[in-house]
Amino acid sequence: MYLKRILKGKTLFFTLVYFATFISVQSQQTDNKINIDSIFKNKKEVYFSFYLANKTELQTLTRVISIDKISNDSVYAYANKIEFQKFCDFNYNFSLLPAPSSLIDVEMIAEIKTDSKFSWDYYPTYTAYENLMKQFATDYPDICSLHCIDTLPSGRLLLAVKISDNVDTDDDEPEFLYTSAMHGDELTSYVLCLRFIDYLLSNYGIKQEITDIVNNVEIWINPLANPDGAYAGGNNTISGATRYNANGVDLNRNYPDPSAGPHPDYMAWQPETKAFMNFAAERNFVMAANFHGGAELYNYPWDTWSKLHADDAWWQLTGREYADTAQYYSPSGYFDDENNGITNGYAWYTTKGSRQDYMNYFENCREVTIEISSNKIVATNMLNSYWNYNYRSMLNYLKQVTYGLNGNIIDACTGKGIKAKIFINSHDKDNSHVFSSKPNGKYYRPLFQGNYDVTYSANGYQSVTISNININNYSYTQQDIILQQSQPFANFIADSLSNCTGIISFNNNSVAPDDSTEFTWYFGDGIISTEKEPVHKYNYNSNFNVKLVVKTSCGYKDSLIKVNYININMPPPPSVNDDENCGPAILNLTATGNGLINWYYNINDTAPFFTGNNLTTNMLTSSQKYFVEDIVTPPLLYNGKLDNSGNGTYYSSFGQDYLLFDCYSEIELN
């Protein structure tokens, strides 16, 4: 069925060509090296399929190759050269397939004008894409602004537009993100997201539904998350588009994972990954969706493990709404993969390092993966059809961000908003809680209908639990909270209790409100600081008492003093012998110390002009000042064994302790 759908609308000639390009291979070790070198001679990735009798093997394979989809017992996957070599070690029979982006010729357009006459049945060149994003902001400056998330090493841009009635300010409105094409060869949604931007902008003030959405939601849309993959064949074509980025890495396997750790694909974070991680950390996204292609379904968390998300009922509600609406406005058979158009990610096939799981677990944002077309790149004359199938569902999912539980969390003393944790008792798990955001303490918590007990907590405040809060689907319940400051608790540690430099960094571990607390440090040498976490320089040797006083805006106070806490033992300055002469002369200067003697012309110089105890000057015709440094190397500190013998032991060098042991299979350290 996959082959027919890929080539829907093409002639029999093309179908025959497609079948002719299959290469069936038994991966034997004897000639694999030659085959792999030949296969990857002019490409960074391959697309292939293989038969999988036991689905449990996916737990291992998903860390080796990038699985695209599973149809019956056939697995379709991508791999770069290293991944493919590892896959071949499993000795599966596989068939090399044509790259999906090579199966269709599409019309490109070099210029797009967003007027009523434009038909949206083209894919833009890269330059046309950049210009169109700029044009949106130019044509609708009151409700649209253009933002560059990052510039890639290739020079291509990761762009997003912000759409809001107060576009130049951060309102209390929920933040929402649509993004597309993080797999560079899945580009149907690329055009749909561009058109969705235009639809929102051009209908603001005209259609009440659109006006209400823009007035009540801060909308961010990034239509192209992998421009290097999409335009791997050049800026003027998407022919040759690749799933992976320019470095041959699958971006949707490259994110920190709740179960597999920070690098589940064993690859460094890519520029695109780091850019979107930073982007998400800077924003307060409540909900998000990233669009893909190759199937037609709504894939909700989790991808990484079998346990269900705390909000599984809500995910199924929003998934059914998306799928049912898309099915209603499309021909029979559209958007009905897996469970009639929706699936739990793990139930479909497990992946590690997906952005969906990253956003849900690490950013407390409800993000879903939406597979929008079985053909990764649909024919241009079908783009309007896919728009009509999906745009209502896209609107419905966006509107969900305004439902559920919301409100403001305020400091009782200052009246200011605070960052607090909103935890649904006997419900939340696996980081499904959310946080309010500054400056106004606003929070949004999507929830399935029911009655909930909710606890609100923040560092330095007395927690509050509100019982039996009623939530209805497709509406919101407002619950504002005032938190009282608690008695602060002063606490701190230093990065070093004894050193020879005199420089000490202090870490403030006090329990107190973050923004409404005064911190006063007394370092024992007559110096005082009001920084939260100061770095202090002691100028003489002694044992020093350190005291921290914590005072909140409500007047609550606590202090902690640590007696003889810091020991400074700086080596004495080097001894120097001056020399003088009446008239021009070459002089001999000496300096002695406990270590290496360096000589400088200026006190702020970083590189010495001479090293040694005895300096013979150049011919001096006037007085000259030199600066002398004594570098003393502390003794090496060894605690325990000096090698890796034994069955696991402490081994340390240069004062750094770490655990050394052998691993013969994957383990998890807690």
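The values are calculated or read from the model by the stated rules, or taken from the named source; none is laboratory data. All figures in this text were calculated on a predicted structure; none of them were measured in a lab. In this analysis, Cβ positions are derived from the backbone assuming ideal geometry, glycine residues included, and neighbour counts consider all displayed protein chains. With ligands, DNA and RNA removed, areas are computed over all heavy atoms of the protein, side chains included. Shrake-Rupley method; radii C 1.70, N 1.55, O 1.52, S 1.80 Å.
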| query | Is one or more of the residues making up the stretch 368-378 open to solvent by 10 Å² or more (accessible area, probe 1.4 Å), of a type in the set (Asp, Glu) and touching an Asp or Glu at 6+ places or on another chain (Cβ under 7 Å)? | reply | yes
| request: Determine which member of the set TRP599, TRP521 is within 30 Å of ILE418 (Cα to Cα), touching a Phe, Trp or Tyr at 6+ places or on another chain (Cβ under 9 Å), open to solvent by less than 80 Å² (accessible area, probe 1.4 Å) and not aliphatic (A, V, I, L, M). | output: TRP521
| remark: If you go through ASP121, ASP170, ASP165, the only one that is of a type outside the set (S, T, N, Q), farther than 26 Å from THR273 by Cβ and either modelled with pLDDT under 95 or open to solvent by 60 Å² or more (accessible area, probe 1.4 Å) (or both) is ASP121
| request: For residues that are assigned to a strand (DSSP E or B), closer than 15 Å to GLN487 by Cβ and hydrophobic (A, V, I, L, M, F, W, C), tally how many sit in the stretch 549-562. | output: 3
| query | Quick check: is even one residue across the stretch 564-580 in a strand (DSSP E or B), within 30 Å of SER498 (Cβ to Cβ), open to solvent by 80 Å² or more (accessible area, probe 1.4 Å) and modelled with pLDDT of 85 or more? | reply | yes
| remark: Okay, helices (runs of 4 or more DSSP H) sitting entirely in the stretch 194-301 with 1 or more residues that are of a type in the set (S, T, N, Q) and more than 15 Å from the chain's Cα centre (by Cα), I get 208-216
| field | Number of positions in the stretch 529-546 that are more than 39 Å from the chain's Cα centre (by Cα) and open to solvent by 70 Å² or more (accessible area, probe 1.4 Å) | value | 4
| request: Give ASP73, ASP89, ASP68 a once-over and let me know the one that is among the charged types (D, E, K, R) and surrounded by 19 or more Cβ atoms within 10 Å (Cβ to Cβ). | output: ASP68
| said: I need the full set of residues from the stretch 468-518 which are of a type in the set (Asp, Glu) and either over 29 Å from GLY407 (Cα atoms) or buried (at least 17 other Cβ atoms within 10 Å of the Cβ) (or both), in order please. | reply: ASP495
| message | Looking only at the stretch 54-88, filter to residues that are in contact (Cβ under 8 Å) with a residue 40 or more places away in the chain and farther than 27 Å from GLU338 by Cα; which one of those is farthest from the chain's Cα centre (by Cα)? | response | CYS88
| task | Please work out which residue is farthest from ALA77 (Cα to Cα), limiting yourself to the stretch 208-262 and to residues that are among the small types (Gly, Ala, Ser) and open to solvent by less than 10 Å² (accessible area, probe 1.4 Å). | result | ALA225
| task | Filter the stretch 413-428 down to residues that are of a type in the set (D, E, K, R) and open to solvent by 40 Å² or more (accessible area, probe 1.4 Å) and give me whichever is nearest to PRO513 (Cα to Cα). | result | LYS419
| task | Could you tell me which numbered condition LYS551 fails, if it satisfies all but one of (1) surrounded by fewer than 18 Cβ atoms within 10 Å (Cβ to Cβ); (2) of a type in the set (D, E, K, R); (3) touching a residue at least 40 places away in the same chain (Cβ under 8 Å)? | result | (1)
| query | In the stretch 398-412, what residues are touching a Gly at 6+ places or on another chain (Cβ under 9 Å) and either surrounded by fewer than 24 Cβ atoms within 10 Å (Cβ to Cβ) or closer than 22 Å to TYR329 by Cβ (or both)? | reply | GLY407, ASN408, ILE410
| said: Given the criteria buried (at least 20 other Cβ atoms within 10 Å of the Cβ) and aliphatic (A, V, I, L, M), does ALA110 qualify? | reply: no
| Filtering the stretch 429-451 down to residues that are without any contact (Cβ under 8 Å) to a residue 24 or more places away in the chain and in a strand (DSSP E or B), which residue is least open to solvent (accessible area, probe 1.4 Å)? | GLY450
| Can you tell me which residues in the stretch 47-63 are open to solvent by less than 20 Å² (accessible area, probe 1.4 Å) and assigned to a loop (DSSP other than H, G, I, E, B)? | LEU52, THR62
| Does TYR140 fit the bill of being of a type outside the set (D, E, K, R), within 26 Å of GLU367 (Cα to Cα) and in contact (Cβ under 8 Å) with a residue 40 or more places away in the chain? | no
| query | Among the residues of the stretch 303-323, which ones are within 27 Å of VAL75 (Cα to Cα) and open to solvent by 30 Å² or more (accessible area, probe 1.4 Å)? | reply | TRP305, SER306, LYS307, LEU308, GLN316, ARG320
| request: Find all pairs meeting these conditions: Cβ atoms under 8 angstrom apart; at least six residues apart or on different chains; first residue within the stretch 411-425 and in contact (Cβ under 8 Å) with a residue 12 or more places away in the chain; second residue among the charged types (D, E, K, R) and crowded, with 22+ Cβ neighbours inside 10 Å. | output: GLY417/ASP411; ILE418/ASP411; ILE422/ARG445; ILE424/ARG445
| message | Here are the criteria: (1) surrounded by fewer than 19 Cβ atoms within 10 Å (Cβ to Cβ); (2) within 32 Å of the chain's Cα centre (by Cα); (3) touching a residue at least 12 places away in the same chain (Cβ under 8 Å). Tell me which single one SER95 does not satisfy. | response | (2)
| Search result, residues across the stretch 331-351 that are over 14 Å from ASN299 (Cα atoms) and open to solvent by 20 Å² or more (accessible area, probe 1.4 Å) | PRO331, SER332, GLY333
